[in-house]
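Chemist: After the structure tokens below, expect a handful of questions from me.
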């Protein structure tokens with residue numbers, strides 16, 4: 001199984017540090033309160049602040065493309081985790097932002113919503129089910145970028 005990520009800016013092939021582990025992610029589309037509540041749930045359940053410290057990717061290159069198509073200079077790349085890593089995903093969730101975007105999902109109720117979504121944490125790319133096309137949150141210290149088509 002391969003993972004892909006869209007980048008909204010030019011990138012180079014190579015191995016990079018996951019700086020989100022130190023700085024955390026500031027949400028772009030998700031309200032801050034919802035982001036923080038989801039992080040608290042993921043940390044309590046899976047030991048990772050998945051919304052802040054993970055690299056978002058997908059085994060579906062088309063989904064990776066969706067995040068960057070409107071940006072000039074955007075590129076899609078294969079993401080290869082280095083060293084120890086974990087993958088967090090739910091077969092019930094295609095995209096956290098889109099799927100949790102309803103009037104009933106707020107910072108108070110996000111924990112109940114997430115608890116119903118069967119999120120798992122695995123340690124092998126082979127543990128992602130064949131045919132899964134949703135969001136995968138990659139928890140790793142370093143990863144290699146290989147631009148698609150290179």
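The values are calculated or read from the model by the stated rules, or taken from the named source; none is laboratory data. Keep in mind it's a predicted model, so treat the numbers as computed, not measured. Cβ: placed from backbone, ideal geometry, glycine included. Neighbour counts: every protein chain shown.
Chemist: Which residues, taken from region 69-101, are out of contact with any helix residue (DSSP H, G or I) (no Cβ under 9 Å at 6 or more places or on another chain), more than 19 Å from residue 139 (Cα to Cα) and either surrounded by fewer than 14 Cβ atoms within 10 Å (Cβ to Cβ) or at pLDDT 95 or above (or both)?
Modeler: 69, 70, 71, 72, 73, 98, 101, listed by residue number.
Chemist: Further question: Restricting to region 1-35, name every residue that is touching a helix residue (DSSP H, G or I) at 6+ places or on another chain (Cβ under 6 Å), assigned to a loop (DSSP other than H, G, I, E, B) and under 24 Å from residue 60 (Cα atoms).
Modeler: Matches in region 1-35: 1, 25, 27, 29, 30.
Chemist: Just to verify a result, which residue in region 36-49, among those that are out of contact with any strand residue (DSSP E or B) (no Cβ under 6 Å at 6 or more places or on another chain) and outside any helix (DSSP H, G or I), is surrounded by the most Cβ atoms within 10 Å (Cβ to Cβ)?
Modeler: Selected residue: 49.
Chemist: Among the numbered criteria (1) farther than 14 Å from residue 58 by Cβ; (2) assigned to a helix (DSSP H, G or I), which single criterion is violated by residue 97?
Modeler: Here residue 97 meets the rest and fails (1).
Chemist: Of all the residues that make up region 113-150, how many are outside any strand (DSSP E or B) and either in contact (Cβ under 8 Å) with a residue 24 or more places away in the chain or exposed (fewer than 12 other Cβ atoms within 10 Å of the Cβ) (or both)?
Modeler: Final tally of qualifying residues: 22.
Chemist: Where residues in region 50-68 are assigned to a loop (DSSP other than H, G, I, E, B) and closer than 14 Å to residue 148 by Cα, which of them is modelled with the highest pLDDT?
Modeler: 59
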